[in-house]
2 protein chains.
Amino acid sequence: MAAIQTPKSQYQQVADLLRSRIADGTYSADQPLPSEPQLSAELGVSRQTINRAINVLRNAGLVRVRRGFGTFIRGVPQVTRDAKKRYAARNQGTGAGDVEMKALGLTPRTEYVEIGRAKAPSAVADALGIDVDAPVLVRRRRLFANDEPTQLADSFIPWDLAEGAPELLKRDAGRGGSYTRLAELGHGPVRFTEEVTVRTATEDEAQLLELDGGQPVIDITHVAWDAADRAVEVALHVMPGNLWRLRYDWDDPTADEYPTADGDA
Amino acid sequence: MAAIQTPKSQYQQVADLLRSRIADGTYSADQPLPSEPQLSAELGVSRQTINRAINVLRNAGLVRVRRGFGTFIRGVPQVTRDAKKRYAARNQGTGAGDVEMKALGLTPRTEYVEIGRAKAPSAVADALGIDVDAPVLVRRRRLFANDEPTQLADSFIPWDLAEGAPELLKRDAGRGGSYTRLAELGHGPVRFTEEVTVRTATEDEAQLLELDGGQPVIDITHVAWDAADRAVEVALHVMPGNLWRLRYDWDDPTADEYPTADGDA
């Protein structure tokens, strides 16, 4: 077995060892890893060291800890979310939330938590430029891949827009999704903004996303703007930090201001 | 004093109380907060509850814990990093790394850790599309605002490009920065991609960024592409998760595929 030497990064050595055992199939996806006391006895290190090592793997998205059941190898790998591509996918008949999962051969599932009229919470009112408590349509969803929760996605549309498109109150908002319904009302999104922050999951979120309390989540505030520069939808995404890789790309708006290249131009 | 009732979210109630004391100036920025034993005695809750409450504030970016010195109110507020704007700022003579801090009235400072020829690590080789260990110019920096570390920013340029512009080996890469030097060589960036992930800080990073080990960091892999679609620079940013708000915006490439709006179009 691997040498466990200096106290400084003992837990990192244990993490490396567990990682290689996951990679070579010593531990299988069907069964929990050996318990902390078992690993502690086998490797001759403290339970605290084992616990820290498992935290490293957990934060790297390799395992998930299910309280009372043990530590399991994750069934869902890290997923790349390409912002531009996902919102362009609606015309292929695929909901934006399913794009990445289908590309990885995973089975997406959407749980509709709430669809209906509600009062705009302050973060939503800020993003939409409307009054706090003004009426909005809310569509709250929890998304899964292979039955593991992958994100909470709550979408809000100002009620004066939403009431023009009754399909928005159904689970399936119809061909092309809600943005196509907004377009039919003359308010199709032409521009998007996203703000990304990182924080610790709340207790509710940790439960819904099957995370331990201390784990980081990514918050995405996605705003869709119509041609008149009105915010017509805001979507709040809460995503387990270890599960996602966010991808953005853009053309440099100032590329033509470079000095002329010597000889090449 | 505020009622501390149900055991379930006791620490959240303590966090709310401490938050309001920070907001109303009960605790000042010059001195550490009362110690955990002091707060435990005052509020009649366990030290563990105090510790969890302080973690909530720490993860929200309100306080920083300096080992051996205590818990301090943060001097640097959450900073918005607008990807498109920051890279467009070079023509105003401001380095991309300083844009956000100057906008907030904070004093930026750059510590140059290393500038020179090196072998491409695997993540860099992948991003640049070159062989692992191929020669690159590395520019390693640690950025500060008001003397608090705000990010590690390591930039890599393929050596066959970099050797054509000796200014790239200096701390100050000259007017317009490294992208303008690349443009003078005929390889000015015209397009950028960024990938964003979240993970726990390594021990080295935690020390350099003055974080505790368990805190999340944001990893940004920023790649600059020239007109021939060659990756001409990659920058790896490691940023305290609580300190930053990332902002992206883009035009919907498929907006013209919406069905025609009834009556409006």
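The values are calculated or read from the model by the stated rules, or taken from the named source; none is laboratory data. Since the structure is predicted, the reported quantities are computational estimates derived from the model, not experimental observations. Note that we place each Cβ from the backbone using ideal geometry, even for glycine, and neighbour counts take in every protein chain shown. Note: areas computed on protein heavy atoms with side chains; ligands, DNA, RNA excluded. Shrake-Rupley method; radii C 1.70, N 1.55, O 1.52, S 1.80 Å.
What's the number of the only condition in (1) within 8 Å of another protein chain (Cβ to nearest Cβ); (2) surrounded by fewer than 22 Cβ atoms within 10 Å (Cβ to Cβ) that B:GLU167 fails to meet? Exception for B:GLU167: condition (1). Of the residues screened, B:ARG81 is one that is touching a helix residue (DSSP H, G or I) at 6+ places or on another chain (Cβ under 6 Å), within 11 Å of chain A (Cβ to nearest Cβ) and in contact (Cβ under 8 Å) with a residue 40 or more places away in the chain.
Is one or more of the residues making up segment A:138-146 of a type in the set (Phe, Trp, Tyr), in a strand (DSSP E or B) and surrounded by 14 or more Cβ atoms within 10 Å (Cβ to Cβ)? Yes: one or more hits.
It is to be established whether one or more residues within segment B:45-55 are charged (D, E, K, R), open to solvent by 60 Å² or more (accessible area, probe 1.4 Å) and within 14 Å of chain A (Cβ to nearest Cβ). The answer is yes; a qualifying residue exists. Criterion applied to B:SER155, B:SER178 was being in a strand (DSSP E or B), in contact with a Ser or Thr (Cβ under 9 Å, 6 or more places away or on another chain), more than 8 Å from every other protein chain (Cβ to nearest Cβ) and not β-branched (Val, Ile, Thr), and the one residue passing it is B:SER155. The numbered conditions (1) basic (Lys, Arg); (2) closer than 22 Å to B:ILE218 by Cβ; (3) not assigned by TED's automatic domain parsing to the domain that holds B:GLY188 are all true for B:LYS85 except (3).
Taken over segment A:230-255, the criterion of being part of a strand (DSSP E or B), more than 7 Å from every other protein chain (Cβ to nearest Cβ) and among the hydrophobic types (A, V, I, L, M, F, W, C) is satisfied by A:ALA231, A:VAL232, A:VAL234, A:ALA235, A:LEU236, A:VAL238, A:MET239, A:TRP244. Applying the condition of being touching a strand residue (DSSP E or B) at 6+ places or on another chain (Cβ under 9 Å) and assigned to a loop (DSSP other than H, G, I, E, B) to segment B:103-122 and asking which residue is farthest from B:ALA153 (Cα to Cα) yields B:LEU104. Here A:ALA29 does not fit the description of being part of a helix (DSSP H, G or I) and either open to solvent by less than 20 Å² (accessible area, probe 1.4 Å) or farther than 25 Å from A:ILE220 by Cβ (or both). Residue count for segment B:221-246, restricted to those that are open to solvent by less than 60 Å² (accessible area, probe 1.4 Å) and either modelled with pLDDT under 95 or under 24 Å from B:VAL63 (Cα atoms) (or both): 9.
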